[in-house]
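The structure appears below as structure tokens.
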Amino acid sequence: MALGVGCTARPGRAKDNKTGSWRVFKPKFDSEKCSKCGMCITICPEGCIREEDELPVPDYDYCKGCGLCAEECPSGAVEMQKEEK
Ligand code: SF4
Ligand code: SF4
């Protein structure tokens, strides 16, 4: 039997899927501490951090709050904060 028979899910990029209201934490970026290394942009599995004026800017419509950007930032410039509902 071929894979996917009877399955309605389709492949897609993470960028196709908006986060919705379930996120628990979201990253806050401190531009003063940022060394502009670009690591967070590379590591984000959602591909939702863009560069603006040489600084990383997350798109919270797509950020899932996984915390990888905060974990990998060598400058301590990203802090995960509880989402305000
Ligand atoms: S918390 Fe995760 S999804 Fe959100 S910007 Fe950071 S790495 Fe990307
Ligand atoms: S990983 Fe940290 S220091 Fe590097 S660009 Fe992102 S916020 Fe700035």
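Nothing in this text is a laboratory measurement; each read-out follows from the coordinates by a stated rule. Because the structure is a prediction, the values reported are computed rather than measured. Glycine gets a Cβ as well: all are built from the backbone with ideal geometry, and neighbour counts include every protein chain shown.
For the stretch 22-70, a tally of residues being more than 9 Å from ligand 1 (Cβ to nearest atom) and among the basic types (Lys, Arg) returns 4.
Among residues belonging to the stretch 38-60 that are crowded, with 16+ Cβ neighbours inside 10 Å and under 9 Å from the mean Cα position of the chain (by Cα), point out the one that is farthest from residue 16 (Cα to Cα). Residue satisfying both the conditions and the ranking: 40. Being out of contact with any strand residue (DSSP E or B) (no Cβ under 9 Å at 6 or more places or on another chain), loosely packed, with under 14 Cβ neighbours inside 10 Å and among the hydroxyl-bearing types (Ser, Thr, Tyr): is that true of residue 35 here? Yes: the conditions hold for residue 35.
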